[in-house]
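Colleague: Take a look at the following structure, please.
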Amino acid sequence: MNDSQPLVIRLAAPRGFCAGVDRAIQIVEEALEKWGAPVYVRHEIVHNAHVVSRLEALGAIFVEELDECPEDRPVIFSAHGVPKSVPAEAQRRNMIFVDATCPLVSKVHVEAERHHREGREIVLIGHAGHPEVIGTMGQLPGDTITLIETVQDVATFEPKDPGNVAFVTQTTLSVDDTAGIVAALQARFPGISSPHKEDICYATTNRQDAVKSLAPGADLVLVIGAKTSSNSVRLVEVAKRAGAARAELIASAESIDWSWLDGVSTLGLTAGASAPEDLVQGVIDACSEKFDVSVERVETARETVTFKLPRILAE
C-alpha cells in the first residue's frame, strides 16, 4: 500500500465511449476484416488520437477529403456525419462506402430535412466548424439553415418569415448553455418548431449529469478527452459551473501536470464519449503511484443503448 497522502478519486459513471462511438469504431474494424487493409476513413472516425492510432495500426488510413481516397478501396464516413455532397460524390465515383454517422446525428439530419420539406426556415444551434455542424448544414440548401452559436446570435437572426421557423441542435452541446439559446429563440419566435425529442444525445446529457454530481467539493476534476472533442470540452465547463475548484482537460495520464494535485484531497475523474476506458485506468494507476488512492464511483445513470451496424458489413 502507498503510505503517502490520501486521495479520493470520485469516478463518474457513465463516462467514456457511448453507443455511437462504439458502433463507429466497430464499423472500421469490421470493414478491415471484410475488405482487408487499407480502408480509408474520411475525417477522424471519432475525436481521439489514441483510438485513431490504434485503427491506423490495423490498416485504416485517415484523410480529410474524399478526393484523397482511391476508387478501388472502401471509404468510411466518420461518426459526426457528412454533407449530402460526400456520399453523392462517392456514388458518382462508384466507390464502396460505409456511413458510420451516429444514428442520433442522423436523426437530426432527418428532422432538418422534414422541416425543410414543410417549408420552414431552420436554425441549427451548434459550434461553427465542428464536423457535425458542417454535416448537418450540408443536408440542406445553404439559404435555408442558419447557424446560431450564442444568445446574441438569436437577437440578430432575421428569418424571411418569423412565423415559420424551426430549430435543431448539435448533439454534443452543454444542456444548460443550449437551454438559454432555446429560451431566447422561443421568446423571439413564439411559434418556433422544436425537436420532438431533445437533439442533445442521451450520452452527452448522462456524462454531464454525472459530472454535476461529482464536481461539488472536488478540488480538481480531470476530464479525459481531445481538445477537438466537443462533448469533452463541455464536461470541463460543466464541472467548473457545478462547483469544482478547478477542472482540466487531459489527453491521458501523460498530460497531467502534477502540480495541479498539490493540496488536492478529492479528485473528480471522467472521460468524454470518444475516450477509451484504458485511459481512465491509466490516470487511476498514475495517481496510485503517488498517492494513497481510494476510488468512489458516482453513478447517475445506466446505459444500455446499442446501435446496429450498417447492412453492407453483413452482406
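The values are calculated or read from the model by the stated rules, or taken from the named source; none is laboratory data. In this text, all values refer to a predicted model and were calculated from it rather than measured experimentally. Here the Cβ positions follow ideal geometry from the backbone for every residue, glycine too, while neighbour counts run over all protein chains shown.
Colleague: If you scan segment 220-255, which residues turn out to be assigned to a loop (DSSP other than H, G, I, E, B) and touching a Phe, Trp or Tyr at 6+ places or on another chain (Cβ under 9 Å)?
Modeller: Filtering segment 220-255 down to residues assigned to a loop (DSSP other than H, G, I, E, B) leaves 225-229, 242-246, 251-252.
If the condition is that a residue be assigned to a loop (DSSP other than H, G, I, E, B) and touching a Phe, Trp or Tyr at 6+ places or on another chain (Cβ under 9 Å), then Arg246 is the only one that fits.
Colleague: When you scan segment 151-168, do you find a residue that is in contact (Cβ under 8 Å) with a residue 60 or more places away in the chain and either of a type in the set (Val, Ile, Thr) or closer than 27 Å to Thr228 by Cβ (or both), even just one? Explain how you work it out, then say what you get.
Modeller: Filtering segment 151-168 down to residues in contact (Cβ under 8 Å) with a residue 60 or more places away in the chain leaves 168.
Right, trim to either of a type in the set (Val, Ile, Thr) or closer than 27 Å to Thr228 by Cβ (or both) and you get 168.
Checked segment 151-168: at least one residue is in contact (Cβ under 8 Å) with a residue 60 or more places away in the chain and either of a type in the set (Val, Ile, Thr) or closer than 27 Å to Thr228 by Cβ (or both).
Colleague: Being hydrophobic (A, V, I, L, M, F, W, C), modelled with pLDDT of 95 or more and farther than 16 Å from Asp177 by Cβ narrows it down to one of Ala253, Ala242, so name that one. Step through it out loud before you land on a result.
Modeller: Numbers: Ala242 fails: farther than 16 Å from Asp177 by Cβ.
After applying the criteria, what remains is Ala253.
Colleague: Filter segment 14-51 down to the residues that are under 13 Å from Asn231 (Cα atoms) and among the aliphatic types (A, V, I, L, M) and list them by number.
Modeller: Answer for segment 14-51, where residues must be under 13 Å from Asn231 (Cα atoms) and among the aliphatic types (A, V, I, L, M): Val21, Val46.
Colleague: Which numbered condition trips up Pro190, out of (1) in a helix (DSSP H, G or I); (2) more than 24 Å from the chain's Cα centre (by Cα); (3) of a type outside the set (Phe, Trp, Tyr)?
Modeller: Only one criterion in (1) in a helix (DSSP H, G or I); (2) more than 24 Å from the chain's Cα centre (by Cα); (3) of a type outside the set (Phe, Trp, Tyr) is unmet by Pro190, namely (1).
Colleague: Test Ser265 against the criterion of being farther than 17 Å from Asn48 by Cβ and among the small types (Gly, Ala, Ser), and give yes or no.
Modeller: Working: farther than 17 Å from Asn48 by Cβ: yes; among the small types (Gly, Ala, Ser): yes.
Criteria met by Ser265.
Colleague: Cβ-Cβ distance below 7 Å, separation of 6 or more or different chains: which pairs start in segment 18-42 with a residue that is free of Cβ contacts under 8 Å to residues at least 24 places away in the same chain and end on one that is of a type in the set (Phe, Trp, Tyr) and surrounded by fewer than 15 Cβ atoms within 10 Å (Cβ to Cβ)?
Modeller: none
Colleague: Considering (1) touching a helix residue (DSSP H, G or I) at 6+ places or on another chain (Cβ under 7 Å); (2) modelled with pLDDT of 95 or more, say which one Val305 fails and leave the rest.
Modeller: Val305 satisfies every listed condition except (2).
Colleague: Ok, one more. Among the numbered criteria (1) surrounded by fewer than 19 Cβ atoms within 10 Å (Cβ to Cβ); (2) modelled with pLDDT of 95 or more, which single criterion is violated by Glu198?
Modeller: (2)
Colleague: Please work out which one of (1) without any contact (Cβ under 8 Å) to a residue 40 or more places away in the chain; (2) touching a helix residue (DSSP H, G or I) at 6+ places or on another chain (Cβ under 7 Å); (3) β-branched (Val, Ile, Thr) is the condition Val233 fails and give its number.
Modeller: The number of the failed condition is (2).
Colleague: With the checklist (1) surrounded by fewer than 17 Cβ atoms within 10 Å (Cβ to Cβ); (2) more than 19 Å from Leu279 (Cβ to Cβ); (3) free of Cβ contacts under 8 Å to residues at least 60 places away in the same chain in hand, flag the one item Asp176 doesn't pass.
Modeller: (3)
Colleague: Out of the residues in segment 184-195 that are of a type in the set (A, V, I, L, M, F, W, C) and touching a Phe, Trp or Tyr at 6+ places or on another chain (Cβ under 8 Å), which is surrounded by the most Cβ atoms within 10 Å (Cβ to Cβ)? Can you show your working first?
Modeller: Filtering segment 184-195 for residues of a type in the set (A, V, I, L, M, F, W, C) gives 184-185, 187, 189, 192.
So of that shortlist, the ones also touching a Phe, Trp or Tyr at 6+ places or on another chain (Cβ under 8 Å) come out as 185, 192.
Working: Leu185: 22, Ile192: 19.
By that ranking, first place goes to Leu185.
Colleague: Quick check on my filter: what residues within segment 52-96 are surrounded by fewer than 13 Cβ atoms within 10 Å (Cβ to Cβ) and among the polar types (S, T, N, Q)?
Modeller: We begin by selecting, within segment 52-96, every residue surrounded by fewer than 13 Cβ atoms within 10 Å (Cβ to Cβ); these are 53, 57, 64-65, 67-68, 70-72, 85, 88, 91-92, 94.
Scanning segment 52-96 gives Ser53, Ser85, Gln91, Asn94.
Listed here are the residues, each with its yes/no results for (1) within 21 Å of Ala19 (Cβ to Cβ); (2) surrounded by 14 or more Cβ atoms within 10 Å (Cβ to Cβ).
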position	(1), (2)
Asp209	yes, yes
Leu220	no, yes
Ala242	no, yes
Ala245	no, yes
Gly282	no, yes
Ala286	no, yes
Thr304	yes, no
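Colleague: So Val211 fits all but one of (1) in contact (Cβ under 8 Å) with a residue 60 or more places away in the chain; (2) closer than 30 Å to Phe291 by Cα; (3) of a type outside the set (S, T, N, Q); (4) part of a loop (DSSP other than H, G, I, E, B); what number is the exception?
Modeller: (4) is the only condition that Val211 fails.
Colleague: Using the structure shown, decide if Ile122 is of a type in the set (A, V, I, L, M), surrounded by 16 or more Cβ atoms within 10 Å (Cβ to Cβ), closer than 14 Å to Arg42 by Cβ and assigned by TED's automatic domain parsing to the domain that holds Pro195.
Modeller: Values: of a type in the set (A, V, I, L, M): yes; surrounded by 16 or more Cβ atoms within 10 Å (Cβ to Cβ): yes; closer than 14 Å to Arg42 by Cβ: no; assigned by TED's automatic domain parsing to the domain that holds Pro195: yes.
No, not satisfied.
Colleague: Which of the residues belonging to segment 127-140 are touching a residue at least 24 places away in the same chain (Cβ under 8 Å) and within 23 Å of Ala88 (Cβ to Cβ)?
Modeller: Quick first cut of segment 127-140, residues touching a residue at least 24 places away in the same chain (Cβ under 8 Å) only: 127, 130-140.
Answer for segment 127-140, where residues must be touching a residue at least 24 places away in the same chain (Cβ under 8 Å) and within 23 Å of Ala88 (Cβ to Cβ): His130, Pro131, Glu132, Val133, Ile134, Gly135, Thr136, Met137, Gly138, Gln139, Leu140.
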